[in-house]
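Student: Take a look at the following structure, please.
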Amino acid sequence: MERYFQQEMECAPYEKIKAIQNEKLIKQVHHVWEHVPYYRKKMEEKGVRPEDIKSTADLYKLPFLSKKDLRKAYPYGMLAVPLKDCVRIHSTSGTTGKRVIAFYTQADIDMWEECCARAIMAAGGTNEDVCQISYGYGLFTGGAGVDGGSHKVGCLTVPASSGNTERQVMFIMDLKATILCCTPSYAAYLAESMKEMGYRPEDIPLKIGIFGAEAWSEEMRQDIEKTLGIKAYDIYGLTEISGPGVAFECSAQNGMHVNEDHFIVETIDPETGEVLPEGSQGELVFTALDKQAFPMLRYRTRDICTLTRETCSCGRTHVRMLKLKGRSDDMLIIRGVNVFPSQIETVLLNQGYAANYQLIVDRVNNTDTLDVRVEMTPQMFTDSVGEIDERRKALADGIKDILGIRAKVTLVAPKSIERSEGKAVRVIDRRKI
């Protein structure tokens, strides 16, 4: 049976959603114009005033925001309400530069938690579930957002946070957790650890996994589902737009519904900024319609994806994001070819490997090199040089078929690549250009 947290809105006719977006967009543009001098200046530079925005059809007139803007305006430059009205902050990890700090009013938090509650119920969650949240808590949005959604659904919430895998397994088994929320790479690590401890899928009480915060392949989903004996669902969000729950998968597991009553999503050409028609692969751009403290208009995510409005069997009408292909800033250009780590992951999983790998990119004599280090599974591990060479060659051929360029493949012993308790670090780029 399909479950909904707010069925009337989640299944609303397209015309109703459009009318809501039009009304909210006009109001939000005025709010930003009046309270965020940084963005008002960008609008003035583009020759746009609030009265020029009469509906979503005028969205293209507004200037983009990027992470560079948010860093430039750090920490209070994008704040649109008095500080006394803010009740919380979260921030990005800062791994690619200065952290971005997002501010929330209580209304912002309530809206965010409702989006997460929609995600949990769309995956089949109810108030009879035990929901173990193994996303990090603290400044990262993952833990707090899903925690709030779990409370709204009425689940028994286990705020396990990330790390301490032995304790995670103990809680799953002792508390009979039925829902697990974490990054897909940590779910894969938990699955691997539980298998090593002797647990079979039928021994594990989990039935639902809600995984996000990094791109993951369909093959990785199937691997996690098989090892843990669960259905694994994708969830999408980013700190700048609120956190997880901006979009989520339903029972159809065929793309994530964007909460269109709260967010407008576009796809653009990442090079030119031109808006692309729905159905075209491009960079996702979000406009937050309800956020009060940290309102984002046309925020460029760098995530590469395709949108579809094809009818969904779950009954929800909101547009769907198909599986992320990666981030435009995660995309590697190697010998002139666009390479996403998820493409290589697909080859590995199709040949029976786990998603434990590293890509090392370098430049030798003005030519890019790509080394792929892949862990063998314990079942594959052998001291037969001939057998290892055969496997290595099969992987190199598979990668060549999908990328069109040849990579050097090195097979390494099981457990020799460091595991991640959060987002996995897949790429080491040593090129100095």
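Student: Any chance you could count how many residues in the stretch 1-26 are without any contact (Cβ under 8 Å) to a residue 40 or more places away in the chain and not polar (S, T, N, Q)?
Tutor: Adding up the residues that qualify gives 8.
Student: Can you go through VAL81, VAL32 and tell me which one is in the same structural domain as CYS250 (by the TED database) and not in a helix (DSSP H, G or I)?
Tutor: Being in the same structural domain as CYS250 (by the TED database) and not in a helix (DSSP H, G or I) holds for just one of VAL81, VAL32, which is VAL81.
Student: Turning to a different aspect of this structure: Take the residues of the stretch 255-297 that are among the polar types (S, T, N, Q) and open to solvent by 40 Å² or more (accessible area, probe 1.4 Å): which is farthest from LEU62 (Cα to Cα)?
Tutor: Here the answer is GLN281.
Student: What are the residues in the stretch 169-192 that are at pLDDT 95 or above and at negative phi, if any?
Tutor: Selection gives VAL169, MET170, PHE171, ILE172, MET173, ASP174, LEU175, ALA177, THR178, ILE179, LEU180, CYS181.
Student: Test TYR4 against the criterion of being among the hydroxyl-bearing types (Ser, Thr, Tyr), in the same structural domain as VAL275 (by the TED database), farther than 21 Å from THR301 by Cα and outside any helix (DSSP H, G or I), and give yes or no. Don't jump to the end; show me each part of the working.
Tutor: Working: among the hydroxyl-bearing types (Ser, Thr, Tyr): yes; in the same structural domain as VAL275 (by the TED database): yes; farther than 21 Å from THR301 by Cα: yes; outside any helix (DSSP H, G or I): yes.
Answer is yes for this residue.
Student: OK, next. What are the pairs with Cβ atoms under 7 angstrom where one residue, in the stretch 157-180, is outside the structural domain of ALA191 (by the TED database) and the other, located anywhere, is surrounded by 13 or more Cβ atoms within 10 Å (Cβ to Cβ) and of a type in the set (Gly, Ala, Ser)? Sequence gap at least six, or different chains.
Tutor: Every condition considered, no pair remains.
Student: Also, I was wondering about something else. Identify all residues within the stretch 359-385 that are farther than 13 Å from ALA413 by Cα and at pLDDT 90 or above; write none if there are none.
Tutor: Within the stretch 359-385, LEU359, ILE360, LEU370, ASP371, VAL372 qualify.
Student: Now a separate question. Are any residues in the stretch 128-168 crowded, with 23+ Cβ neighbours inside 10 Å, assigned to a loop (DSSP other than H, G, I, E, B) and among the aliphatic types (A, V, I, L, M), and if so, which ones?
Tutor: Scanning the stretch 128-168 gives a single hit, ALA160.
Student: Scan the stretch 233-254 for residues that are in a loop (DSSP other than H, G, I, E, B), in contact (Cβ under 8 Å) with a residue 40 or more places away in the chain and surrounded by fewer than 24 Cβ atoms within 10 Å (Cβ to Cβ) and report the count.
Tutor: Qualifying residue count, the stretch 233-254: 3.
Student: Restricting the stretch 10-27 to residues that are aliphatic (A, V, I, L, M) and open to solvent by less than 50 Å² (accessible area, probe 1.4 Å), which is farthest from LYS54 (Cα to Cα)?
Tutor: Only one residue tops the list, namely ALA12.
Student: So in the stretch 398-420, with the set limited to residues that are within 16 Å of ARG335 (Cβ to Cβ) and small (Gly, Ala, Ser), which one is least open to solvent (accessible area, probe 1.4 Å)?
Tutor: Step by step, filter the stretch 398-420, then rank; the result is ALA407.
Student: Please identify the pairs in which a residue from the stretch 49-78 that is in the same structural domain as TYR104 (by the TED database) has its Cβ atom under 7 Å from the Cβ atom of a residue that is open to solvent by 30 Å² or more (accessible area, probe 1.4 Å) and among the small types (Gly, Ala, Ser), counting only partners at least 6 apart or on another chain.
Tutor: ARG71/GLY97
Student: Does LYS61 qualify as being under 24 Å from SER313 (Cα atoms), open to solvent by less than 90 Å² (accessible area, probe 1.4 Å) and out of contact with any strand residue (DSSP E or B) (no Cβ under 8 Å at 6 or more places or on another chain)?
Tutor: no
Student: State whether one or more residues within the stretch 210-232 are under 18 Å from PHE5 (Cα atoms), part of a strand (DSSP E or B), in contact with a Pro (Cβ under 9 Å, 6 or more places away or on another chain) and in contact (Cβ under 8 Å) with a residue 24 or more places away in the chain. Can you show your working first?
Tutor: Quick first cut of the stretch 210-232, residues under 18 Å from PHE5 (Cα atoms) only: 210.
Next, only the ones that are part of a strand (DSSP E or B) stay: 210.
Pick out the ones that are also in contact with a Pro (Cβ under 9 Å, 6 or more places away or on another chain) and you get 210.
Narrowing further to those that are in contact (Cβ under 8 Å) with a residue 24 or more places away in the chain: 210.
Within the stretch 210-232, one or more residues are under 18 Å from PHE5 (Cα atoms), part of a strand (DSSP E or B), in contact with a Pro (Cβ under 9 Å, 6 or more places away or on another chain) and in contact (Cβ under 8 Å) with a residue 24 or more places away in the chain.
Student: Condition test on ARG316, is it touching a strand residue (DSSP E or B) at 6+ places or on another chain (Cβ under 7 Å) and open to solvent by 50 Å² or more (accessible area, probe 1.4 Å)? Lay out the reasoning, then the answer.
Tutor: Values: touching a strand residue (DSSP E or B) at 6+ places or on another chain (Cβ under 7 Å): yes; open to solvent by 50 Å² or more (accessible area, probe 1.4 Å): no.
Judged against the criteria, ARG316 is not a match.
Student: Follow-up question, since we're still on this one. So, in the stretch 38-48, how many residues would count as being open to solvent by 30 Å² or more (accessible area, probe 1.4 Å), without any contact (Cβ under 8 Å) to a residue 40 or more places away in the chain and in a helix (DSSP H, G or I)?
Tutor: Number of matching residues: 6.
The values are calculated or read from the model by the stated rules, or taken from the named source; none is laboratory data. All values reported here derive from a predicted model rather than from experimental measurement. Note that we place each Cβ from the backbone using ideal geometry, even for glycine, and neighbour counts take in every protein chain shown. All accessible areas refer to the heavy atoms of the entire protein, side chains included, with ligands and DNA or RNA removed. Shrake-Rupley method; radii C 1.70, N 1.55, O 1.52, S 1.80 Å.
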